[in-house]
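Novice: Below you'll find the structure I mean.
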Amino acid sequence: PRIAVIVVAAGSGTRLGAEAPKALVGLGRHTILRHALHNVFAAPTAQVVIVAPAGREGDALTDAEAAGPRELITVVTGGATRQESVAAGLAALWADIEVVLVHDAARALTPPDVFERVIAAVDATGWGAVPVLPVVDTIKRVDDTAIVEGVDRSELAAAQTPQGFRRDILVDAYRAAHEDYTDDAAVVAASGHRVGTVEGDARAFKITTPADLERARQLVGEPLR
Ligand code: CTP
Ligand code: MG
C-alpha cells in the first residue's frame, strides 16, 4: 500500500518547560523533531506530513529536508489540541495514500522496527494497529484521599505511537469524532472499528518532562546495543 506518516509536532511542551515548542528543542546535535523524522524516513513511506507549531513551519521544513527527500515532505500548521493537529495532517494527504501512520514527534527515538510491525499488522488485518507495552507498575483506582480498589494490570497496556490505520477508516473516524480523545486508536475505536496491538518498544517513550529529555540525551549520546 501507499503509506503516509503524519508526524504531530505542534505542541507547546508545557510539561517540558523549555523556551521553544517541544519538537524544536535540542536533543544532542539535532532537534527532537529531526531525530523523530530520521526514524520515520527509515520506513517505506510515500509521504511525510509534518504538523508544525504556528509560525515555526520553516524550521520544521529545514529539519525535514535534513532528514529525508524533499519530494516526500508536506508541512502544515497545527491546531490547539493534538486531535486538531492530526485533523490538519489528514487534510494534507495526497489522493493515492491508502494507509496512514500517526506518530508523536515527542517519541523521537522510536526504532524503525516498530513502524514495520505496525505497517505489517495493518496490511495483514485491515484493522488499526497500535504498539503497546505491558504496564509494570501496580495500578490503583483512587479518589482524592485513598485507594478505591486495585486494578489487574495484566488486562492493561500502555499505548505508544506510530498508530496505523486504513486511510478511509481514520478519515471517517475523525469526521465523526465529537469529543476529545487522547490518541488516534480511541478516535477509531469510538467509530466502531477494531484496533489491534503489536509489540511496542521502551525506546518509543514520549519525551514529556525534563527527566525524559535527559534520558533521551543519554540514549542519543551512547550507541544502542
Ligand atoms: N501535539 C500537536 N498539537 C497539539 C498538541 C500536541 O501536534 N496542539 C503533538 C506534540 O507536538 C507531541 C504529541 O502531540 O509530539 C504528543 O503531545 P504531548 O507529548 O502532550 O506534547 P505537548 O502537548 O507539546 O506537551 P504538553 O502536554 O506538556 O504541553
Ligand atoms: Mg499535550
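Novice: Just the ratio, please: alpha-carbon radius of gyration of segment 147-200 over 2.2 N^0.38 Å, N its number of residues. Working shown, then result.
Specialist: Details: Rg = 13.4 Å, N = 54, 2.2 N^0.38 = 10.0 Å.
Compared with the compact-globule rule of thumb, segment 147-200 sits at 1.34.
Novice: Starting from the eigenvalues of the Cα gyration tensor, five times each then square-rooted, give me the equivalent ellipsoid semi-axes of segment 5-97, largest first, whole Å.
Specialist: 20, 16, 10
Novice: Related question: For the chain, what does -39500 (n - 2.57) per DSSP helix run (n ≥ 4), summed and divided by total residues, give at 222 nm, in deg cm²/dmol to the nearest 500?
Specialist: Values: 7 runs with 72 residues, N = 225.
Here the helix-only value at 222 nm equals -9500 deg cm²/dmol.
Novice: Average projected area of the Cα convex hull of the chain, in nm²?
Specialist: Values: hull surface 53.5 nm².
Average of the hull's projected areas for the chain equals 13.4 nm².
Novice: Taking the Cβ-Cβ separation of Val220 and Val151 as r and a Förster radius of 22 Å, what is the calculated FRET efficiency to the nearest 0.05?
Specialist: Values: r = 35 Å, r/R0 = 1.57.
In this case the efficiency is close to 0.05.
Novice: About the Cα centre, and with charges only on the beta carbon of Lys, Arg (+1) and Asp, Glu (-1), how big is the dipole of the chain? Nearest 20 debye, please. Walk me through the numbers on the way to the answer.
Specialist: Details: 22 positive and 30 negative charges, 88 e Å.
Computed charge dipole of the chain: roughly 420 debye.
Novice: Would you mind giving the average projected area, over all directions, of the Cα convex hull of segment 99-225 in nm² with one decimal?
Specialist: Numbers: hull surface 39.7 nm².
Mean projected area of the Cα convex hull: 9.9 nm².
Novice: I've got another one for you. Could you work out the relative contact order of segment 1-95? I mean the mean sequence separation of Cα pairs under 8 Å and 6+ apart, divided by the number of residues, in percent. Walk me through the numbers on the way to the answer.
Specialist: Working: 160 pairs, mean separation 31.3, N = 95.
Rounded, it is 33 percent for segment 1-95.
Every read-out reported here was derived from the displayed coordinates using simple, explicitly stated rules and does not represent laboratory data. Values in this document were obtained by computation on a predicted structure and should not be read as measured data. In this analysis, Cβ positions are derived from the backbone assuming ideal geometry, glycine residues included, and neighbour counts consider all displayed protein chains.
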